[in-house]
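S.K.: Once you've had a glance at the structure underneath, I'll fire off some questions.
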Amino acid sequence: MRNYLSPLAEAREIAPKGFGSFAIAPIPAGTIVATFGGTILNRINFETHPLEQRSRSIQIDADQFVLGPESRESGDSINHSCSPNCRLRNATQLIAMHELSAGEELTYDYATSDASNYDEFECACGSDNCRLRVTGNDWQIPELQIRYQKIFSPYVQRKIKAAQSSRPLTKRDAEELINSFDANPQAALMRALRIATGMPHASWKSLVALTSTDLQHRELLYEGDQSCLDQLVKQLNEQRTI
Ligand SMILES: [Zn+2]
């Protein structure tokens, strides 16, 4: 098994087609209810896998995903709720937020771990807080940033911090980008992208992953394709942001 589910819980099929995990005995607050495991993949490899398998995965960095196993396991059947009773305590471990009663479904809010669009869906959790649609951008909702400020995954916390310190390029930044571009395109773009993303230590690969959702385009940028680099510098110069 690549995932752990507490012996105090079990996964069950929920009609018509779905799965969930339920407490089978009282679960004390703070208990580790699940630990997510799998194969560590970058985004390009991750996106070659079926959507169902990707929905049982967790993103742990801009270009790192823990892909769930090929077939479903107990520990990767934890559903989303907009009023969850469990929360992440690090990138891959889920704990009970308060004491859970036998029969209660274990849930956590996917906004606390997801910042990509690989698992977006209409939500029917039925809670008063329900936002009806769950997306990879929910971590940006100000109300959720307040509600979950201490319990986002480390990756999403870094995203929030980066978003707060990102800024559009100034005229001077854009001039520096243009002036140094010919001598070393990648270094010039890295400097500008680090400012625009608020990620002062991000690698070229991580920065490229933020500039485009088109995998082929990203590959060309990774390889240093001149026309893609020219296009990116033009975009940054005109818009001064990404
Ligand atoms: Zn909901």
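S.K.: Considering each residue of region 4-53, count those that are among the basic types (Lys, Arg) and assigned to a strand (DSSP E or B), and give that number. Break it down stepwise before answering.
M.R.: Kept after step one, since they are among the basic types (Lys, Arg), are these residues of region 4-53: 12, 17, 43.
Then keep just the ones that are assigned to a strand (DSSP E or B); that gives 12.
Total meeting the criteria: 1.
S.K.: Within region 89-108, how many residues turn out to be outside any loop (DSSP other than H, G, I, E, B), among the aliphatic types (A, V, I, L, M) and under 16 Å from the mean Cα position of the chain (by Cα)?
M.R.: Total satisfying the criteria: 1.
S.K.: Consider region 58-88. How many of its residues are more than 16 Å from the ligand (Cβ to nearest atom), open to solvent by less than 20 Å² (accessible area, probe 1.4 Å) and assigned to a loop (DSSP other than H, G, I, E, B)?
M.R.: So the first thing to find is which residues in region 58-88 are more than 16 Å from the ligand (Cβ to nearest atom), and the list is 58-77, 88.
After this cut, where a residue has to be open to solvent by less than 20 Å² (accessible area, probe 1.4 Å) as well, the list is 58-59, 62, 65-69, 75-77, 88.
Filter again for assigned to a loop (DSSP other than H, G, I, E, B), leaving 62, 68-69, 77.
Result for region 58-88: 4.
S.K.: Which one of these is hydroxyl-bearing (Ser, Thr, Tyr) and assigned by TED's automatic domain parsing to the domain that holds residue 82: 197, 135?
M.R.: On the way: 197 fails: assigned by TED's automatic domain parsing to the domain that holds residue 82.
Residue meeting the stated conditions: 135.
S.K.: Does region 142-157 hold any residues that are more than 11 Å from the chain's Cα centre (by Cα) and either within 14 Å of the ligand (Cβ to nearest atom) or surrounded by 15 or more Cβ atoms within 10 Å (Cβ to Cβ) (or both), and which are they?
M.R.: Selection gives 143, 144, 145, 147, 148, 151.
S.K.: OK, next. Does at least one position in region 216-231 carry a residue that is loosely packed, with under 13 Cβ neighbours inside 10 Å and either of a type in the set (A, V, I, L, M) or at pLDDT below 90 (or both)? Can you show your working first?
M.R.: If we filter region 216-231 for residues that are loosely packed, with under 13 Cβ neighbours inside 10 Å, which is where we start, we get 216, 223-224, 226-227, 230.
Restricting the remaining residues to those that are either of a type in the set (A, V, I, L, M) or at pLDDT below 90 (or both) gives 216.
Within region 216-231, one or more residues are loosely packed, with under 13 Cβ neighbours inside 10 Å and either of a type in the set (A, V, I, L, M) or at pLDDT below 90 (or both).
S.K.: Among the residues of region 36-50, is there at least one that is of a type in the set (Phe, Trp, Tyr) and within 15 Å of the ligand (Cβ to nearest atom)? Explain how you work it out, then say what you get.
M.R.: First, pick out the residues of region 36-50 that are of a type in the set (Phe, Trp, Tyr): 36, 46.
If we keep only those that are within 15 Å of the ligand (Cβ to nearest atom) as well, we get none.
Checked against the condition, which is being of a type in the set (Phe, Trp, Tyr) and within 15 Å of the ligand (Cβ to nearest atom), region 36-50 yields no hits at all.
S.K.: Tally up the residues in region 99-141 that are more than 10 Å from the ligand (Cβ to nearest atom), modelled with pLDDT of 95 or more, among the charged types (D, E, K, R) and open to solvent by 50 Å² or more (accessible area, probe 1.4 Å), please.
M.R.: 3
S.K.: Which one is surrounded by the most Cβ atoms within 10 Å (Cβ to Cβ), of the residues in region 5-36 that are farther than 27 Å from residue 117 by Cβ and not hydrophobic (A, V, I, L, M, F, W, C)?
M.R.: Filtering first and then ranking leaves 6.
S.K.: Right, another one. For region 143-163, which positions are under 22 Å from residue 64 (Cα atoms) and among the polar types (S, T, N, Q)?
M.R.: The answer is 153, 157.
S.K.: Scan region 37-53 residue by residue and report those that are open to solvent by less than 40 Å² (accessible area, probe 1.4 Å) and under 14 Å from the mean Cα position of the chain (by Cα). Even if it seems obvious, please write down each step before you answer.
M.R.: First, the residues of region 37-53 that are open to solvent by less than 40 Å² (accessible area, probe 1.4 Å): 37-38, 41, 43-44, 46, 53.
Listed by number, the residues that qualify are 41, 43, 46.
S.K.: So which residues in region 57-75 are within 16 Å of the chain's Cα centre (by Cα) and of a type outside the set (Ser, Thr, Tyr)?
M.R.: 58, 59, 60, 61, 62, 63, 64, 65, 66, 67, 68
S.K.: Within region 137-229, which helices (runs of 4 or more DSSP H) (wholly inside it) include 2 or more residues that are free of Cβ contacts under 8 Å to residues at least 60 places away in the same chain and over 25 Å from residue 47 (Cα atoms)?
M.R.: 142-147, 154-165, 171-181, 185-197
The values are calculated or read from the model by the stated rules, or taken from the named source; none is laboratory data. Not measured: the values here are computed from a predicted model. Note that each Cβ is placed from the backbone with ideal geometry, even for glycine, and that neighbours are counted across all protein chains shown. Quick note on the areas: whole protein, heavy atoms, side chains included, nothing else; ligands and nucleic acids left out. Shrake-Rupley method; radii C 1.70, N 1.55, O 1.52, S 1.80 Å.
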